[in-house]
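Working notes, beginning with the structure itself.
Since every read-out is calculated from the coordinates, none of them should be taken as a lab result. Just so you know, these numbers come straight off a predicted model, no measurement behind them. Glycine gets a Cβ as well: all are built from the backbone with ideal geometry, and neighbour counts include every protein chain shown.
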Amino acid sequence: MTNIEGKVVIVMGASSGIGEATTKKLAQEGAKLVIAARRDDRLKALVESIPNAEISYAVADVTNKEEVQAVVDLAMEKYGRVDVLYNNAGIMPTAPLSVTRFDEWRQMLDINIMGVLNGIAAVLPIMKKQQSGQIIATDSIAGHVVYPGSAVYCGTKFAVRAIMEGLRQEERENNIRSTIISPGLVDTELYTTINEPENREWVKNNAKIEGLGLKSSDIADAVAYAISTHETVAVSEIMIRPTKQV
Ligand code: NDP
């Protein structure tokens with residue numbers, strides 16, 4: 001794919017699922033990568049599974065702005081620029097509001113929303129100086145539609161969409177592109193973050209059914225497409241549903 005080779009790309013939330021698949025895809029296309037997440041062993045194994053690629057990893061929790069800054073600093077040390085930040089880290093501990101899981105609500109707001117903001121804050125000064133860059137966020141169909149039993153998760157994804165659209169409007173004159181990737185159900189480890197048994201089983205089982213669940217590589221292809229377009233083209237949102245999803 002043209003226009004990816006040589007680009008410096010940071011992937012947050014790269015240790016499994018969509019982030020892992022996107023890392024593999026972009027490495028194949030010749031990007032220079034810095035990847036991050038909390039699980040050291042998974043990042044190490046991923047890097048080792050991609051020979052002959054320019055790729056480094058750092059352990060970082062996206063809720064910690066110093067750790068996010070350190071990931072961006074690593075990219076600057078190694079390559080002297082940042083072309084793309086992919087804010088992909090997220091969790092989905094869904095449950096009906098009446099269950100009042102305060103800790104999970106706080107965690108979702110911190111990771112899904114503050115994590116994205118911490119990434120934006122760390123790269124914006126660099127991209128403004130470069131007068132170019134692209135910030136991508138994994139949002140969701142749940143950023144468009146509210147599902148019962150998922151109100152808080154949907155709220156975080158609605159918020160991310162608003163933030164990314166605001167970013168697009170504010171930074172377009174600096175040639176900074178904002179891209180929202182909104183998948184439907186994808187077969188990943190995300191269900192392991194759900195503690196409500198009924199919700200967990202539903203996501204775990206349905207994601208594996210062809211036509212009801214997408215593969216992580218389907219989303220990686222969309223991210224690669226958004227990056228591959230010419231700098232004058234802002235792919236501001238891609239929605240990808242499994243064919244049989246309502
Ligand atoms: P996974 O659970 O496989 O991946 C989530 C990634 O986020 C992991 O790499 C995880 O790494 C990372 N992560 C979670 N919390 C943190 C944190 N505090 N700091 C740093 N990294 C963190 O699920 P998916 O691949 O499905 O999820 C990726 C994104 O896609 C999420 O934003 C999710 O909301 C979104 N999405 C998923 C859909 C689906 O059906 N699967 C549908 C629509 C959107 P680690 O645990 O090592 O930190």
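For the reader, a short list of remarks on this structure follows.
- Taking every DSSP beta bridge that has both ends in the chain, the antiparallel portion is near 0%.
- Helix 197-206 vs. the chain, principal-axis angle (Cα, 0 to 90°, nearest 10): 60
- Charges were assigned to the Cβ only: +1 to each Lys and Arg, -1 to each Asp and Glu. The resulting dipole of segment 1-96 about its Cα centre is roughly 160 debye.
- Placed amide H near ALA89: partners under 5 Å, 5+ positions off or other chain: MET12, GLY13
- When you work out D = kT/(6 pi eta Rh) for the chain at 4 °C and 1.567 mPa s, using the Kirkwood radius from C-alpha pairs as Rh and the Stokes-Einstein form, the result is 72 µm²/s.
- Once both labels are positioned 7 Å from their Cα atoms along Cα-to-Cβ, the gap between THR100 and VAL233 label points is 5.2 nm.
- Among MET108, MET76, MET92, the largest mean-square fluctuation in a Gaussian network model of the chain (Cα springs under 10 Å) belongs to MET76.
- Extending 7 Å from the Cα toward the beta-carbon at both LEU109 and ALA70 defines two label points whose distance is 2.7 nm.
- Distances between placed amide hydrogens fall under 5 Å for GLU237 paired with ILE180, all partners being 5 or more residues away or on another chain.
- Dipole size of segment 8-240 about its Cα centre, with +1 on Lys/Arg Cβ and -1 on Asp/Glu Cβ: approximately 180 debye, rounded to the nearest 20.
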